[in-house]
Amino acid sequence: MECILRQVDPLFEPASGLQYRLSILLRPDGYFFLVCDPGTNKILLLSDYSNEKNALATGNHTGWPSNCSAYFSEFESIDLLKLSCFKTDVALSSNKITVAPAEFLQGEHAELIIYAAQQKFNDEGIIREAIFEEGPTIVALFPQGIIEQCKAIFPDITLQSAMAVYAKGLLTGNVQSVERKVFVQIWRSYFEVVVCQGTRLLYLNAFNYSAPTDVLYYLIFILEQLGFVPSEEEITLMGEVDKGHIIYEQLKMYCGKLIVSQIPKAYKVGPEFSGIAWHKYFTLLNLALCE
């Protein structure tokens with residue numbers, strides 16, 4: 001993995017003995033790290049490790065590397081894992097998800113629900129996570145080896161589904177709103193769509209894509225199936241897409257308005273972090289905000 005971003009606040013002193021909060025998002029093609037002060041939510045470090053050659057489409061059926069040992073060998077060498085932490089949060093990304101009411105997912109029913117939406121292989125395990133109490137629950141598939149290695153490295157934490165964190169972050173951020181909103185988070189070969197009205201979840205799903213036009217096609221189809229008029233909708237974008245990106249430009253032609261998400265207001269940042277594309281790290285940022 002190559003470290004493509006590492007921004008550090010001068011006040012961050014790993015050897016000081018202070019208790020920090022560490023958030024980690026593990027993706028098939030890399031890792032995101034966030035260190036913040038748990039008392040003030042001031043961001044002290046943001047780093048992004050990526051393997052540009054290992055896009056989801058080049059992996060096995062799960063999208064994750066077939067060699068879990070090599071993936072985690074590099075991961076465990078990163079110095080931040082030795083940090084003294086008040087709390088560590090870890091989420092895993094997956095494009096193989098579905099959502100169902102919590103009462104449908106008791107016992108072994110989770111496997112039946114995921115079977116209805118995704119092809120589950122023998123080497124895949126399930127992570128379940130409620131978006132909110134007694135509400136919809138995300139069921140996500142990951143290679144069993146990835147789950148087991150994570151539990152070995154972080155035995156005292158609960159692994160989270162990145163999709164659930166993403167959805168919780170959006171709903172939490174819209175508590176004061178009654179407007180319908182459409183959010184699209186784009187990664188290298190899949191994207192996630194969430195539609196909500198305040199804290200009411202109207203739609204959630206993830207789709208693979210192989211060409212930029214696929215994103216436009218699926219999103220227009222989703223909006224029309226929901227009874228919306230795409231040319232009148234405001235779309236908030238996050239993930240690996242910026243103004244000028246081909247996906248951004250195509251969506252701009254057919255959707256009413258495009259905006260790019262900003263850093264959550266709960267965080268404090270110093271001038272060292274100016275220019276960061278915060279929309280790429282939306283899920284990572286919400287790991288520490290969505291308990």
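The values are calculated or read from the model by the stated rules, or taken from the named source; none is laboratory data. What you see is a predicted model, and the numbers here were worked out from it, not measured in a lab. Here the Cβ is made from the backbone with ideal geometry for all residues, glycine too, and neighbour counts use every protein chain on show.
Of all residues in region 95-117, which are surrounded by fewer than 15 Cβ atoms within 10 Å (Cβ to Cβ) and under 14 Å from P136 (Cβ atoms)? If you could, list the steps in order and put the result at the bottom.
Here is the first cut: in region 95-117, the ones surrounded by fewer than 15 Cβ atoms within 10 Å (Cβ to Cβ) are 101, 103-104, 106-109, 111-112, 115-116.
Of everything in region 95-117, those that are surrounded by fewer than 15 Cβ atoms within 10 Å (Cβ to Cβ) and under 14 Å from P136 (Cβ atoms) turn out to be P101, E103, F104.
For region 1-37, give me each residue that is under 19 Å from E272 (Cα atoms), of a type outside the set (A, V, I, L, M) and not in a strand (DSSP E or B).
Within region 1-37, D9, P10, F12, E13, P14, D37 qualify.
Consider F142 against the criteria (1) under 26 Å from N122 (Cα atoms); (2) in a helix (DSSP H, G or I); (3) more than 13 Å from the chain's Cα centre (by Cα): it satisfies all of them except one. Which criterion is unmet?
(2)
So which of A91, A100, A110 is assigned to a strand (DSSP E or B) and over 30 Å from D48 (Cα atoms)?
Numbers: A91 fails: over 30 Å from D48 (Cα atoms); A110 fails: assigned to a strand (DSSP E or B).
The unique qualifying residue is A100.
For the structure I just gave you, tell me whether V182 is of a type outside the set (K, R), more than 30 Å from S73 (Cα to Cα) and not in a loop (DSSP other than H, G, I, E, B).
On the way: of a type outside the set (K, R): yes; more than 30 Å from S73 (Cα to Cα): yes; not in a loop (DSSP other than H, G, I, E, B): yes.
Criteria met by V182.
Each row is one residue, and each column tells you yes or no for (1) at pLDDT 95 or above; (2) touching a strand residue (DSSP E or B) at 6+ places or on another chain (Cβ under 6 Å); (3) not assigned by TED's automatic domain parsing to the domain that holds D242.
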| site | (1), (2), (3) |
| --- | --- |
| E108 | no, no, yes |
| I138 | no, yes, yes |
| I146 | no, no, yes |
| P155 | no, no, yes |
| Y217 | yes, no, no |
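Take the residues in region 238-291 that are of a type outside the set (A, V, I, L, M, F, W, C) and in contact with an Asp or Glu (Cβ under 7 Å, 6 or more places away or on another chain); name whichever of them is surrounded by the most Cβ atoms within 10 Å (Cβ to Cβ).
Of region 238-291, the ones of a type outside the set (A, V, I, L, M, F, W, C) are 239-240, 242-245, 248-250, 252, 254, 256-257, 261-262, 264-265, 267-268, 270-272, 274-275, 279-281, 283, 286, 291.
From the residues that got through so far, the ones that are in contact with an Asp or Glu (Cβ under 7 Å, 6 or more places away or on another chain) too are 248, 256-257, 270, 272, 280.
On the way: Y248: 18, G256: 14, K257: 11, G270: 14, E272: 17, K280: 22.
My answer is K280.
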